[in-house]
Structure formats: structure tokens, C-alpha cells
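Visitor: The structure is given below, and queries will be raised subsequently.
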Ligand code: FES
């Protein structure tokens, strides 16, 4: 059986036949960062220093640049021989590594489903029993009641409110979770949630913060903003929020009111499709609006939105001089997952 050595902790374990690097670690009560477990989110990206693996990750979660830097997805890589894997890219501490997986299932009930726009809703769940400690930026996997399907959503609530889960959900005409929300999600309905997962979080630094949200992707940034307001965050924060029309913007009043509690806060809603003559915000693609605003080397940038927005934003930011290591996002793909075993 192939042996995996995890650096920089110099700790090794064996993988069984056809077992991924991640599955082997979890079976040995060790933690590697992960989210979707199916090659879709990129959370488990680590560096293969030695050895060879059979991998089947998504091209979005693992780019050609990643492959050129010997990065692999631990959840989608089965070792073909003894391997050395460096988990430094995931910023996992040695304590976290040895304390194993603390994510687990939580039983919740629906508290409310609030329509925010014609195709976006805020879903609030109350956790039954133990609270779920999490960091702003993390996400959960939600089982769709009555099916074996799972959907991944970022947490929108403040980590201080860890007895609840708030999600911002894009509604699709034929989406399984959308159907559940439209037809069956009356208050009190049970929903099982697994988590928390992911490594997106606000990094400690002295740099000003730039947040870029598109469509339904406000949730992790809203969680961070709510946390910043609670904690008395003292670095300047600029938020760009892209939508098609004014009717597609949501929670603008709350973002504005959080901004009044933060130092050096600026909010730039940007509309890409249509706007009235009195529209005071930006127009065009949100990425173009940011390029005109001109981020600099100095910023930490947090992104959440549809993959095309992230694909456009990252090269624009790096061309503007933002260091790639200061750009943070979780890359969700919309593929359905099945309930984890
Ligand atoms: Fe590996 Fe999501 S956990 S890509």
C-alpha cells in the first residue's frame, strides 16, 4: 500500500487501494483541508513533492498553472506509489492536522425563506443541539430533503451567531434545492447540514481590503463584513457588488449600515445590463469598474461570484499589481453532489 508523507509535519500514513490522499488522511484521524470531496471546489489543493498519483479533478478547481506548479487535489488523487505531499498551500497548522476532522453533520430546521430578488433567496436555518463554530468565509454542504443530493453554500451569518445558518441561494427554475425552497421549506422543516468546510477567511495583515461579489456570491463576504462590524475591524474596506439591474441588488441597506460602523468603508454597486438615468453607482462589468478604480499591490482581495467573474477578475487584479497570494476565493462548481457516505 502506498505511503503518504505529509510535509511540513513529517508525518506519514498508508492509503488503501483506490483510496485518495484525503480519504487516507481522514481514515487515520488526520485532517487535510477539504470541502466538496469531489474535485469541484479546490479547497484541498496541495503540492505533490514526490511520487505519482492518478487524478480526476475538475479543470476549474485545478488550473493548468496549478498543474505546472505540481499542485493536486487531495480528494481526487489516488497515489500510484509512495508520495510526499506538502500541505503548506492550505495553511493548515500542525495542531489542526493532528486533531483530525471536526466538521460533522448538524440537524437544523427552517426558520425562514426570504425572497431577496426574483431569483435569489435568503434561507435561515436554526441548528438543533450543539452550535457550529465556524470562520467567516467557510461553507457547508446541505442535504436536499427527500433526495440524496447535496448542495454547497457559503455561510452568510456572522460567526458570533453560531446557533444559526444563513445561506444566500440562487433560485433555478428546475433546481432540486430551489424546488424544495418553493414548495416544502415551511418553518420547522428539518434539513441536515454538513460542515463547516473551506479555508477562505480574512487573513491577518495591515493591507486594506477589497471585496468583490457577483450575483448570489455575496454570502461569504457578508459574513466577513458582519464579523468585521462585530469585531471593530480597523482596516479600510472597499466592496464592489456586481448585478445585472438595480432589482438584482440585495441587502444594500445592511451593507451600507455595516459600512457606517467601519473605518474607511466604500461601497460600489455596479450594474451590467440596464440602469435608470438617476443611477448613482457604477455601470458595465464589475471587473471593468474595479480596473478603473485601480486596486494596487497593497490590497488583500476576497472574491465570490460566478466562475466567469472570478476568471475575469483574477488576471485583471494581477495585471493591476495585486499579488496573487493576496487574492482569495473558493471556487465552487454548480455540479450536484450526492450525500457523503
Ligand atoms: Fe477537493 Fe473540493 S475537497 S476539490
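Nothing in this text is a laboratory measurement; each read-out follows from the coordinates by a stated rule. In this text, all values refer to a predicted model and were calculated from it rather than measured experimentally. Positions of Cβ are generated from backbone atoms using ideal geometry, with glycine treated the same way; all protein chains shown enter the neighbour counts.
Visitor: Once the piece of chain linking residue 163 and residue 7 is laid out straight, how much longer is it, given 0.36 nm per residue of separation minus the C-alpha distance between them?
Guide: 52.6 nm
Visitor: Extension gain residue 28-residue 268, at 0.36 nm per residue separation less the Cα-Cα distance, in nm? Write down the numbers at each step before the final one.
Guide: Details: separation 240, 0.36 × 240 = 86.40 nm, distance 4.72 nm.
Net length gain for the segment: 81.7 nm.
Visitor: Roughly how many nanometres apart are two label points built 7 Å out from the Cα toward the Cβ at residue 247 and residue 203?
Guide: 4.1 nm
Visitor: DSSP beta bridges in the chain, what fraction antiparallel, as a percent rounded to 5?
Guide: In the chain, approximately 60 percent of DSSP beta bridges are antiparallel ones.
Visitor: Taking R0 as 51 Å, what's the FRET efficiency between residue 323 and residue 18 from their Cβ-Cβ distance, rounded to 0.05?
Guide: My answer for the efficiency is 0.85.
Visitor: For a protection proxy built on the mean count of beta-carbon atoms within 10 angstrom, sort 20-28, 232-240 highest first, please.
Guide: 20-28, 232-240
Visitor: Which of 308, 105, 159 moves the most in a Gaussian network model of the chain with Cα springs under 10 Å?
Guide: Checking each option, the largest mean-square fluctuation is seen for 308.
Visitor: Okay, moving on. What fraction of the Cα pairs in the chain, stated in percent, has a spacing above 26 angstrom?
Guide: 50 percent
Visitor: If I stretch the segment between residue 93 and residue 52 completely, what's the gain in nm (0.36 nm per residue apart, minus their alpha carbon distance), one decimal?
Guide: On the way: separation 41, 0.36 × 41 = 14.76 nm, distance 2.48 nm.
Once the chain is fully extended between residue 93 and residue 52, it gains 12.3 nm.
Visitor: Compute the acute angle (0 to 90°) between the alpha-carbon long axis of helix 307-319 and the principal axis of greatest extent of the alpha-carbon atoms of the chain; round to the nearest 10°.
Guide: Its long axis makes an angle of about 90 degrees.
Visitor: With the contact rule set at Cα under 8 Å and sequence spacing of 6 or more, what percent relative contact order holds for the chain?
Guide: About 15 percent, as a whole number.
Visitor: Starting from the Cα gyration tensor of segment 209-329, take the square roots of the eigenvalues, sort them a ≥ b ≥ c, and report rounded, prolate or oblate (rounded when a/c is under 1.5, otherwise prolate if a/b is larger than b/c, else oblate). Walk me through the intermediate numbers first.
Guide: Numbers: a/c = 1.57, a/b = 1.04, b/c = 1.51.
Here segment 209-329 falls in the oblate category.
Visitor: Using 7 Å Cα-to-Cβ label points, what is the residue 174/residue 65 separation (nm, one decimal)?
Guide: Between residue 174 and residue 65, the simple spin-label model gives 3.5 nm.
Visitor: While we're on this one: What is the angle, in °, between the Cα long axis of helix 219-231 and the longest principal axis of the Cα atoms in the chain? Nearest 10 is fine, range 0 to 90.
Guide: 80 degrees
Visitor: Assuming R0 = 25 Å, what is the FRET efficiency of residue 260 and residue 109, from their Cβ-Cβ distance, to the nearest 0.05?
Guide: 0.15
Visitor: I need 275, 293 ordered by Cβ neighbour count within 10 Å, fewest first.
Guide: Details: 275 18, 293 15.
With the sparsest Cβ surroundings first, the list reads 293, 275.
Visitor: Over segment 200-341, what relative contact order in percent results from Cα pairs under 8 Å that are six or more residues apart?
Guide: Rounded, it is 27 percent for segment 200-341.
Visitor: With each run of n ≥ 4 DSSP H residues scored as -39500 (n - 2.57), what mean residue ellipticity at 222 nm is computed for the chain after dividing by its residue count and rounding to the nearest 500 deg cm²/dmol?
Guide: Numbers: 8 runs with 68 residues, N = 341.
Helix contribution divided over all residues of the chain: -5500 deg cm²/dmol.
Visitor: Considering only 172, 106, 197, give the residue with the highest GNM mean-square fluctuation for the chain, with springs between Cα atoms whenever their separation is below 10 Å.
Guide: Evaluated over the chain, the most mobile residue of the options is 172.
Visitor: How many angstrom separate the Cα center of segment 98-132 from the Cα center of segment 241-255?
Guide: So the separation of the two Cα centres works out to 23 Å.
Visitor: Hey, what did segment 36-119 get for relative contact order, percent, Cα under 8 Å, at least 6 apart?
Guide: 34 percent
Visitor: Once label points are set 7 Å from the Cα along Cα→Cβ at both residue 183 and residue 316, what is their separation, rounded to one decimal in nm?
Guide: Each label point is offset 7 Å from its Cα along the Cβ direction, giving 3.9 nm.
Visitor: Just rank 4, 127, 290, fewest to most, by other beta-carbon atoms within 10 angstrom.
Guide: 127, 290, 4
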